[in-house]
Amino acid sequence: MSRSLSRIIARARSRGPAEVGRTIASRIASEIWSDATLVMLRRDVGPDVPDRDDLLFRLADVTDAERYARDVGTDSAETFRARLVDPLRCVVVEREGRLVHASWITTGSAWTAELRRNLTPPPGGIYIFESFTRADARGLGIYPFALRNIVALAAAEGLEHAWVAVEDDNAPSLRAVGKAGFEEVFRISYRRRFGVLRIETPTGSASEIAVSFMS
């Protein structure tokens with residue numbers, strides 16, 4: 001079974017076939033004709049850990065594969081295990097014994113489907129991507145909680161900056177990232193016309209960093 005098919009099956013089990021069907025249809029449509037902007041945000045790292053007795057933040061490992069596939073559903077157990085290769089790591093948040101959030105982090109390159117290329121943070125940086133919070137756990141401050149813990153983890157590892165990218169029309173994620181202390185540094189607009197991708201020149205206060213990010 002291919003990895004892509006395994007991931008689709010895992011998502012259907014976790015989120016239900018209706019949601020997966022809507023997601024697939026939306027992605028197919030956007031691949032044919034779309035205009036979008038990716039906002040890159042950054043913050044300095046530091047010991048910024050919120051006090052939440054109801055949540056547990058930790059690094060995931062291969063023993064979490066089945067729970068990840070069941071609770072998060074963005075990967076099958078098989079693909080989850082295969083992805084955990086240094087420097088790519090996964091962090092999770094537990095609530096009442098269930099995984100309610102997951103984010104992937106790396107100091108290396110990460111494939112970004114929107115731009116069809118890898119993004120690589122500058123030296124001393126950690127890139128946060130593929131963040132997902134279960135629908136039944138949203139609105140509880142879990143994503144900012146996870147981000148602040150990632151920032152603290154990066155500080156403990158001697159890094160300097162944390163980076164995260166959000167599409168500009170994703171208002172809830174932008175608010176959550178802002179609550180965690182991230183600020184916008186550049187934007188990358190792109191468009192697709194009958195499947196042909198065109199990436200515009202990055203704009204923003206640190207647009208020159210975007211070139212190295214995409215190299």
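The values are calculated or read from the model by the stated rules, or taken from the named source; none is laboratory data. Everything numeric in this text was worked out from a predicted model, so none of it was measured. Heads up, the Cβs are rebuilt from the backbone with ideal geometry, glycines too, and the neighbour counts pull from every protein chain shown. Surface accessibility is based on the protein's heavy atoms, side chains included, excluding ligands, DNA and RNA. Shrake-Rupley method; radii C 1.70, N 1.55, O 1.52, S 1.80 Å.
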Loop sites in region 154-215: chymotrypsin sites (Phe, Trp or Tyr not before Pro), DSSP, at most 15 other Cβ within 10 Å
PHE194
³J(HN,Hα) computed for each position of region 41-54 - Karplus, 6.51 cos²θ - 1.76 cosθ + 1.60, integer Hz, glycine/proline x
10, 9, 8, 5, 7, x, x, 9, 10, x, 8, 10, 6, 8
Placing +1 on each Lys and Arg Cβ and -1 on each Asp and Glu Cβ in region 153-215, then taking the dipole about the Cα centre, the residue among ALA155, LEU197, SER212 whose Cα reaches farthest towards the positive end is LEU197
Taking the highest mean first, how do the peptides 199-207, 151-159, 70-78 order by number of other beta carbon atoms within 10 angstrom per residue?
70-78, 151-159, 199-207
What size of dipole, in debye to the nearest 20, comes out for region 142-207 about its Cα centre when the only charges are +1 on Lys and Arg C-beta atoms and -1 on Asp and Glu C-beta atoms?
320 debye
Taking all protein chains as present, what is the carbon and sulfur share of the accessible area of region 94-162, in % to the nearest whole number, probe 1.4 Å?
47 percent
Between ASP44 and ARG116, with labels modelled 7 Å along Cα→Cβ, what's the label distance in nm to one decimal, could you check?
4.0 nm
What is the distance, in nm, between label points placed 7 Å from the Cα along the Cα-to-Cβ direction at ASP51 and at LEU197?
4.5 nm
Between SER109 and GLU66, Cβ-based FRET efficiency (R0 41 Å, step 0.05) works out to 0.90
Starting at the first residue of region 103-112, write each ³J(HN,Hα) from the Karplus equation 6.51 cos²θ - 1.76 cosθ + 1.60 with θ = phi - 60°, in whole Hz, x for Gly and Pro.
9, 9, 9, 7, 9, x, 8, 9, 5, 10
If amide H atoms are modeled at 1.01 Å from N in the peptide plane, then the residues at a separation of 5 or more from VAL45, or on another chain, having amide H under 5 Å from its own are HIS161, ALA162
Using the Kirkwood formula on the Cα atoms of the chain, what hydrodynamic radius do you get, in angstrom to one decimal?
17.9 Å
Report the charge-dipole magnitude of the chain in Debye, nearest 20, computed about the Cα centre from +1 at each Lys and Arg Cβ and -1 at each Asp and Glu Cβ.
780 debye
Chain lengthening between GLU96 and GLU183 when straightened (0.36 nm per residue, less Cα-Cα):
28.2 nm
Could you go through region 65-77 in sequence order and give the Karplus-derived ³J(HN,Hα) for each residue, using 6.51 cos²θ - 1.76 cosθ + 1.60 with θ = phi - 60°, rounded to whole Hz, and x for Gly and Pro?
4, 5, 5, 4, 4, 6, 8, 9, x, 7, 9, 6, 4
Modelling each spin label as a point 7 Å along the Cα-to-Cβ direction, I'd like the GLU78/SER215 distance in nm, to one decimal.
3.9 nm
Using alpha-carbon positions, the gyration tensor of region 114-183 gives root eigenvalues a ≥ b ≥ c; with a/c under 1.5 called rounded, otherwise prolate if a/b exceeds b/c, else oblate, the class is oblate
In region 91-145, if the dipole is taken from +1 on Lys/Arg beta carbons and -1 on Asp/Glu beta carbons about the Cα centre, which of VAL92, ALA102, THR120 is farthest to the positive end?
THR120
Can you give the accessible area per residue of the chain, in Å², using a 1.4 Å probe?
50 Å²
